[in-house]
Amino acid sequence: MLEDGMENLWRNADLSFGASLTYRFESFELDPSKFELRERGQAKRLEPQVLSLLILLASNADRLVSKDEIIEEIWGGRIVSEAAVASRVKAARQALGDDGKEQRFIRTIHGRGFRFGAPVAFAQGQDSARNSAEPVTAEMVTPIASEDRPSIAVLPFHLVGGPGPLSVIADALADELIGDLSRLRWLLVIARTSSFRFRGQDIGCEQVGAALGVRYCVTGTLEEVRGNAILSVTLARTCDRTVVWAERFTARRDELHDLRCEILEAVVANLETRIIRNEVERARRMPEGGLDAWSSYHLGLDHMFRFNRSDNARAASLFARALERDPEFSRALSGLSFTRFQDCFLQYSPDPDAMAEQARSFAERAVQCDPLDPFAHLNLGRSLWFADAVPESMERLSAAITLSPNYAQAIYSKAWAEMTQCDIGHSDENAELALRLSPLDPLRYAMLGVRSVSALMRGDHESAVEWGERAARSPGAHKHIAVIAAIAAEAAGQHERAAQWIGRARQLDPQVSRATFMRSFPFAATGGREIIERALLGTGL
């Protein structure tokens, strides 16, 4: 069913993304689409987890991959020992003729994680339009003009088996999908009157791209099998027909109308996530000096969501570069607001008050430049948290959700604000919705953290520990998330576990304290705040 497909999707997201590319290094080829490692053309037999680890490291060769991220991606966040991770790393090295002393391919960054050490070239998979293995170079990529937003066409869904009772539903789903995607202000969506002209035509997405001038194309099929309606949706790049994302949804025919909204929410959320990530990959292949405003913005997003001091600074410089080329670029202003928010929230700056003021100023300018951009309203709402104006911030966050009803990060941010006001019913409900809308979200750990605190405030210690530890083990989780896991464990009487998570928080920032945590989380003076403070005191932080 839908929920199972979503769960599997986020767990395998990083391993399946870019599966049409083959990663080449020295005499090896790593082919995610075939789930295969080849040495001089000969396939090598590896355990699935070892091969998955190699794909994860090679596909992120430009950065360090933490142990927590490896556990989240390879084991789905389950509790595993350090020895289990070390065993898979050792096996991966042996497959490459490497070892822990030489570390020619897999380098250990002590206390932090691993990094792929060999230069990696990208080659197109054998199923690509060109049927070629030539490396993808910057010259192959057409530069994006600052006004050239990512663009998409949704074709009418094909009804398998010819006209029938599902004909209206097939058209209606595609039509509603166009409407929902059109709420994403950063995405150019071709109108129904143009894209539906391809109904019934046997035409490839490359031809659609040429005819409509779009970079992405959504196609789908709807069929009935033994009383079940099966909807298959595919997002592809029009330049080379590479499948960026695909999913299948199944419902009883009499349930299809009831599940329609849920299916559309899932499709929109995943299309948004995958297009953004594909734009980041596109920007990475460009020579740095040739980055234009839009590409600089998307590359900045990639750094921004890594949530560490150096990447946050890098993101800020990329957003600033985008604004040099386009001073009225609302999204770049919003990006700068987001980085200043991080500077204050995570105490990256010695002057957090100045960072809070800049976060608000940049967000206000972004709203002025584009009053209909939900990202701008999101950042303005978040910046108000530091002004002790959490209730007022909810108005801006609600505006972002009104503009984009499937905007998972705005829904999560509203859940966070509700959590600090101890409105635990709404906060948990909205955090759950955000997780369902965006299972691959870079702020997934924060959504899980909200669920942990909400459970703690209502006295459900078991759930609080489960959500808190899942949050703290998620990729990108920062020091405050480790503190939340510690608070949940302490409240549940698991004092040794709480001490371990406090140790993790101190590892991430030796200066972490009760004061820094409570400054970033302005809980209202309620019984919920007392629970948090009592647990914090018990951890010894």
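Laboratory data are not the source of any read-out in this text; all were calculated from the coordinates shown. Worth saying up front: this structure is predicted, and the values here are computed from it rather than measured. Here Cβ is always computed from backbone atoms with ideal geometry, including for glycine, and neighbour counts include all displayed protein chains.
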* **Residues THR526 and SER81, FRET efficiency given R0 of 35 Å [Cβ-Cβ distance, rounded to 0.05]** => 0.30
* **No Cys partner within the rule (Cβ under 4.7 Å), the chain** => CYS239, CYS261, CYS344, CYS369, CYS422
* So how much slack lies between ARG514 and GLU496, counting 0.36 nm per residue of separation and subtracting their Cα-Cα distance, in nm? -> 4.6 nm
* To do: Would you mind checking LYS44/LYS90; LYS34/LYS101; LYS34/LYS479 for any pair whose Cα atoms are more than 26 angstrom apart?
  => LYS34/LYS101; LYS34/LYS479
* Count the net charge of all other residues whose Cβ sits under 13 Å from the Cβ of GLY220, scoring Lys and Arg as +1 and Asp and Glu as -1. => -3
* Asked: Among all helices in the chain defined by DSSP H, which have a length of 24 Å or more along the axis from Cα atoms plus a Kyte-Doolittle mean of at least -1.0?
  -> 256-284, 309-325, 352-369
* Structure fact -> So, for the Cα atoms of the chain, Rg and Dmax in Å stand at 23.5, 68
* Structure fact -> Net charge (Lys, Arg +1; Asp, Glu -1) of residues whose beta-carbon lies under 9 Å from that of MET518, MET518 excluded, is +2
* **Debye, to nearest 20: dipole size of the chain, +1 on Lys, Arg Cβ, -1 on Asp, Glu Cβ** => 1260
* **Chain lengthening between CYS261 and ARG197 when straightened (0.36 nm per residue, less Cα-Cα)** => 20.5 nm
* **Length added when fully stretched, GLU357-ARG63, from 0.36 nm per residue minus Cα-Cα** => 102.7 nm
* Structure fact -> Counting only DSSP loop positions in the range 203-239, the trypsin sites (Lys or Arg not before Pro) whose Cβ has at most 13 other Cβ atoms within 10 Å are ARG226
